[in-house]
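Below: one structure, written as C-alpha cells.
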Amino acid sequence: MNDILPDQTPVWQFLENQVKAVLGAYGYSELRMPIVEQTDLFKRSIGEVTDIVEKEMYTFEDRNGDSLTLRPEGTASCVRACEEHGLTFNQVQRLWYMGPMFRHERPQKGRYRQFHQIGVETFGMQGPDIDAELIILTARLWRQLGLEKSVTLHLNTLGSAADRARFKDDLVAYLSAHIEELDSDSQRRLKTNPLRILDSKDQGTQALLDKAPHFHDYIDADSREHFDRLCHLLDQAGVAYEVNARLVRGLDYYGKTVFEWITDELGSQGTVCAGGRYDGLVEQLGGRATPAVGFAMGVERLILLLETLGAVPESVHQKVDVYAMAMGDAAQVEMFRIAEQLRDETELRVQLHCGGGSFKSQMKKADKSGARFGLLMGDDELANGVITLKPLRESSEQRQIALKELAVELTSIYSTE
Ligand code: ATP
Ligand code: MG
C-alpha cells in the first residue's frame, strides 16, 4: 500500500481530470460507494473459486461479529448500491466511480495491495451498442492521453452460461486426458475454475490448448450476433481490435462481451483496462434481471504507462504562477491584501511567502516554487504605491508597476504565453 506524495499527485489529478472530461462528454454520472461491504457480496458476485475470493480479500469481523471485506473491485458494490436505491428499476444507468481497491497479492511493479481503479458500469441496455460505446469511449481517452499507439484492444465473447457449461465439460474431458502436460496451476484449476486455464502463461499448456476444443465453436446464435454487431460498430468507428478466443477474465460474472486494453510497455502487468458484460449479476444478487456491461481501469498502471512514455505534460507539475514576498511588517500586511486581490481578479495561482527570513532566503523559496514571477513589497514600494515585478525564469530586468495596474498587467503577461 503506497503513499502518493505531493510530487506524484499532480499526475494523478491530470489523469483523473482527463477521465472525468471524457466521461462527462458521454453523459455518465459519478457514484460514490463505501470501501467496505459485507463479505458475502463479493463471494456471491466474484465467485467462490476465483483468485480474489480464495486468497486476495482483506476480510475482518467488526464489533458486531459481521464479516466485512475491503472492496477488491467496484462492480459488486455498484450493483448493490443500484439495487438498494432502485436505480435500475425501469431506467438505464451510465455510471462511473473511482477509488481504492484492496487485494492481498504479491506486490510488484504494477501490482499493489491497495490500488486504484476508475470503473464504469452501465445498466438496462442489452444490445451491443452500449458495449461499443464503452470501448469507443476508452479509445477516445487513450487518444486524449497520447496512449493510443501503446495499447491494443483484445476482444472476445464468452457466450451464454449454457455455452460455457457445454464448453467447460468438453474442455475438462479433453484436458483430464492430458493432465500430466498441464502446468501445476492449471491442474488445480481443472477442478476449480477450468476456463481460467485458457489464459495460462505456460507454453506447454498453451500448446495443449491448440488441440483442445475451441470456445468459439460453442457460442449460440444470439451471442454470435451480439459479437458480430459489436465488431461491426467498432470497425465503423475506426477502433482496431484483436479477437482473442482465450481471453476469459478472472471473475465469474462475465458473459458475452469481454475485453482488455493491453500494453507491451509494462512487462507482465500489461492490462490497463478490462471489462465485459455481466447480464446475470443483478439477478444473482437479488435484483430483477438487468443487462449490464462495464469496465475498470487500473490507475497506477496508466500512470506508469504515461510516465514510461513521457506523456505527462510538464505543466502539470507547475503549481504556482506568482510568488509574493514582503520585507517588514507593514509591507507584509499590504502583500496579504494584494495577494487576495489578485486571487479575486485573476486566475493566477499566488503563493504568499510565510515564515519570514532575509530577502535572499525569500528569493530562494521563490525560485524553488517554480513561479514565473516574484512580487516584492518593501518600504519603498509601500511609500510609492508600487510593487516590484521580478522575472524568475527569464533574463529580463525587474521593474516597478503601479499597484492599480498590477492585475491587468499580470493577466496580459500570462495570457500571451
Ligand atoms: P491482472 O490479470 O493484472 O491480475 P485482473 O484481471 O485481476 O488483472 P481486474 O480485476 O479486471 O484485474 O481489474 C481491472 C484493472 O485493475 C486491471 O486491468 C489492472 O489494470 C488493475 N489492477 C488489478 N489488480 C491490481 C493490483 N493488484 N494492483 C494494481 N492494479 C491492479
Ligand atoms: Mg488479478
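The values are calculated or read from the model by the stated rules, or taken from the named source; none is laboratory data. Quick caveat: nothing in here was measured; it's all calculated off a predicted structure. Cβ: placed from backbone, ideal geometry, glycine included. Neighbour counts: every protein chain shown.
Looking at 283, 314, 260 in this structure, which one is surrounded by fewer than 19 Cβ atoms within 10 Å (Cβ to Cβ) and closer than 23 Å to residue 157 by Cα? Break it down into steps so the answer makes sense when it comes.
Numbers: 314 fails: closer than 23 Å to residue 157 by Cα; 260 fails: surrounded by fewer than 19 Cβ atoms within 10 Å (Cβ to Cβ).
Selected residue: 283, the only one of 283, 314, 260 that is surrounded by fewer than 19 Cβ atoms within 10 Å (Cβ to Cβ) and closer than 23 Å to residue 157 by Cα.
Among the listed residues 56, 37, 48, 61, which satisfies the condition of being more than 30 Å from residue 320 (Cα to Cα) and touching a His at 6+ places or on another chain (Cβ under 7 Å)? Even if it seems obvious, please write down each step before you answer.
Values: 37 fails: touching a His at 6+ places or on another chain (Cβ under 7 Å); 48 fails: touching a His at 6+ places or on another chain (Cβ under 7 Å); 61 fails: touching a His at 6+ places or on another chain (Cβ under 7 Å).
Step by step, each of 56, 37, 48, 61 is checked, and only 56 is more than 30 Å from residue 320 (Cα to Cα) and touching a His at 6+ places or on another chain (Cβ under 7 Å).
Go through the residues of the stretch 50-68 one by one and say whether even a single one is away from ligand 2 (no atom under 16 Å from the Cβ) and of a type in the set (A, V, I, L, M, F, W, C). It would help to see each step written out before you state the result.
First, the residues of the stretch 50-68 that are away from ligand 2 (no atom under 16 Å from the Cβ): 59-68.
With of a type in the set (A, V, I, L, M, F, W, C) added as a condition, the list becomes 60, 68.
So far as the stretch 50-68 goes, yes, one or more of its residues are away from ligand 2 (no atom under 16 Å from the Cβ) and of a type in the set (A, V, I, L, M, F, W, C).
In the stretch 285-301, how many residues are in contact (Cβ under 8 Å) with a residue 40 or more places away in the chain and either more than 16 Å from ligand 2 (Cβ to nearest atom) or part of a loop (DSSP other than H, G, I, E, B) (or both)? Explain how you work it out, then say what you get.
In the first step, residues of the stretch 285-301 are kept if they are in contact (Cβ under 8 Å) with a residue 40 or more places away in the chain; the result is 285-288, 290-301.
From what's left, either more than 16 Å from ligand 2 (Cβ to nearest atom) or part of a loop (DSSP other than H, G, I, E, B) (or both): 285-288, 290-294.
Number of matching residues: 9.
So which residues in the stretch 362-416 are in contact with a Gly (Cβ under 9 Å, 6 or more places away or on another chain) and among the hydroxyl-bearing types (Ser, Thr, Tyr), if there are any at all?
Residue satisfying the conditions is 388 alone.
Taking the condition more than 16 Å from the chain's Cα centre (by Cα), within 16 Å of ligand 1 (Cβ to nearest atom) and of a type in the set (Ser, Thr, Tyr), does residue 268 pass? Steps first, answer last, please.
Working: more than 16 Å from the chain's Cα centre (by Cα): yes; within 16 Å of ligand 1 (Cβ to nearest atom): yes; of a type in the set (Ser, Thr, Tyr): yes.
It is true that residue 268 is more than 16 Å from the chain's Cα centre (by Cα), within 16 Å of ligand 1 (Cβ to nearest atom) and of a type in the set (Ser, Thr, Tyr).
Output the number of residues of the stretch 105-130 satisfying the condition of being within 16 Å of ligand 1 (Cβ to nearest atom) and not in a loop (DSSP other than H, G, I, E, B).
Within the stretch 105-130, residues that are within 16 Å of ligand 1 (Cβ to nearest atom) and not in a loop (DSSP other than H, G, I, E, B) number 10.
Out of 119, 110, I need the residue that is in contact with a Phe, Trp or Tyr (Cβ under 9 Å, 6 or more places away or on another chain) and either within 16 Å of ligand 2 (Cβ to nearest atom) or at pLDDT 95 or above (or both). Which one? Walk me through how you get there before you give the answer.
Details: 110 fails: in contact with a Phe, Trp or Tyr (Cβ under 9 Å, 6 or more places away or on another chain).
None of the other options fit; the residue is 119.
Can you pull out every residue in the stretch 36-49 that is within 24 Å of the chain's Cα centre (by Cα), touching a residue at least 60 places away in the same chain (Cβ under 8 Å) and away from ligand 2 (no atom under 16 Å from the Cβ)?
41
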